[in-house]
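Below is one structure, written out as structure tokens; the observations come after it.
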Amino acid sequence: MKDRKISFGVNIDENLVKELDKVVESSEYLHASRSEVVEAILTAYFRSDVNHEKKARELIIRRRKNKL
């Protein structure tokens with residue numbers, strides 16, 4: 001049985017949207033939506049063997065300092 005889907009809004013940088021759209025377009029044969037691509041990326045991230053809290057904190061700080 002599939003997990004229940006929850007919809008929530010996010011605001012992301014325009015450049016990230018462009019990159020996301022490139023992935024969606026290059027996967028046209030899959031008929032994947034933005035949401036599905038984002039969910040796949042998040043799934044891969046959370047299933048990886050990293051400390052997610054530590055990594056998220058590091059990425060947020062790097063992004064705020066324009067080093068990401």
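Structure summary
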| quantity | calculated |
| --- | --- |
| Any hit, the stretch 42-51, residues being of a type in the set (Gly, Ala, Ser) and at pLDDT 95 or above | yes |
| Pair list, Cβ < 9 Å and 6+ apart or interchain, from the stretch 6-33 residues that are modelled with pLDDT of 95 or more to residues that are part of a loop (DSSP other than H, G, I, E, B) | Leu20/Ile12; Val23/Ala32; Val24/Ala32; Val24/Ser33 |
| Subset of the stretch 23-55 (residues that are closer than 21 Å to Phe8 by Cβ, more than 12 Å from the chain's Cα centre (by Cα) and among the small types (Gly, Ala, Ser)) | Ala32, Ser33 |
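The values are calculated or read from the model by the stated rules, or taken from the named source; none is laboratory data. Just so it is clear, the model here is predicted, and its values are computed rather than measured. Every residue, glycine as well, gets a Cβ built from its backbone with ideal geometry; the counts of neighbours run over all protein chains shown.
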